[in-house]
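**Q** Sharing a structure here in C-alpha cells format.
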Amino acid sequence: MTPTHRHEAAEHDVHDAPPHSLDEHAGHPAHAGHPEGHHDHGQQHDHAGDHQMGSVNAMAASATLHCLTGCAIGEILGLVLGTALGLGTAPTVALAVALAFLFGYTLSTFPLLRAGVGFFAALSVVLAADTLSILTMEVVDNAVMAAIPGAMDAGLVNVVFWLGMMVALTAAYIAAYPVNRYLLQRGKGHALTHEYHDAADAPTGWHRFIPAFGTGALAAAVIAFMLGGLLVSAAAELGDTGASDGHALGTISGAAGQ
C-alpha cells in the first residue's frame, strides 16, 4: 500500500470511529485528572493550614505555661518572704510581682545562654519576648486575688489563700494564652526564643553548667507545692477547730461542775 492509500485509510478509520460517550469522556485522563488534581491540591492546602494552626496553638500553650511557671514561683516566693518579714499587703504584693518578672525572665534566659547567646543579647530577646505575657498574667492574677474576699489578707496557712492562688493562676493562664498566640502568629513573643529552647547542639564550655529546667517538671513542682500548702492549711484549720471545740466543751463541763 502506498503512503497515499495508507493516509486515506487512516482518515477513513477516524471518520468511522464511534463518538466518545459522556462516561468515556469523563474518564479520559486528560479531563478527569484535572479537576481531581485541583481537589487534591485543595485538600493538601487545607491539611497544611490545619497543621500550621495546630502548631501555633501548641506553641502558644507551651509558651503560656512556661511564663506561668516562672510567675508562680516568683509570686509564691514573694508572698512567703513578705509574710516571714512581716510586710504589709502592698509591699508583699510588690515583692511578689517583682520576683514573678525576675523568675519569668530567668527561666527564658537560661536556654539562650546554654545555646551560646551572649548575656545582654539573650536578655534583650527575652525582654521583647516575655514582657507582655508576664504583664498580662500579673494584672489578671492580682486582680482575681483582690476580688476573692480575704485572699490577700489570709496568710499562708489558710485554705482561702491557696484556693485563691489556684483560681488566680488559672485565670492568668487563660488571659495570657491568646496574647501569646497573637504574638506567635506575627513572629514575635516566644517565636523569638523557640529555636533556642529546642536546640539540638549540646552546650559546650561553661555553658554546660547553666541549668536546664523542663517546663513540665517545674509546673508539676509548683502544683505539688500549692497542693501541699492547701493540705497543711486545711489540717491546721481542722486542728484549730478541734482545739476550740475541746476548749468550749471543757468550759461547759467546768461550769456544770460548779
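Every read-out reported here was derived from the displayed coordinates using simple, explicitly stated rules and does not represent laboratory data. Small disclaimer: the values here were computed from a predicted structure and weren't measured. Heads up, the Cβs are rebuilt from the backbone with ideal geometry, glycines too, and the neighbour counts pull from every protein chain shown.
**Q** Using Cβ counts within 10 Å as a stand-in for footprinting exposure, how do R114, R181 rank, fewest first? Provide the component values of the computation, followed by the final result.
**A** Details: R114 22, R181 17.
In increasing order of surrounding Cβ atoms, one gets R181, R114.
**Q** Now a separate question. Can you check what the Kirkwood hydrodynamic radius comes to for segment 62-108, Cα pairs only, in Å to one decimal?
**A** Details: mean 1/r = 0.0962 Å⁻¹.
After inverting the mean inverse Cα-Cα distance, the result is 10.4 Å.
**Q** Okay, next question. If we count every other residue with Cβ under 13 angstrom of C71's Cβ, Lys/Arg +1 and Asp/Glu -1, where does the sum land? Intermediate results must be reported in sequence, preceding the final value.
**A** Numbers: positive: none; negative: E75, D130, E138, D141.
With Lys, Arg at +1 and Asp, Glu at -1, the neighbours total -4.
**Q** Report the net charge of residues surrounding L99, where surrounding means a beta-carbon distance below 14 angstrom and charges are Lys +1, Arg +1, Asp -1, Glu -1.
**A** Values: positive: none; negative: E75, E138, D141.
Local net charge: -3.
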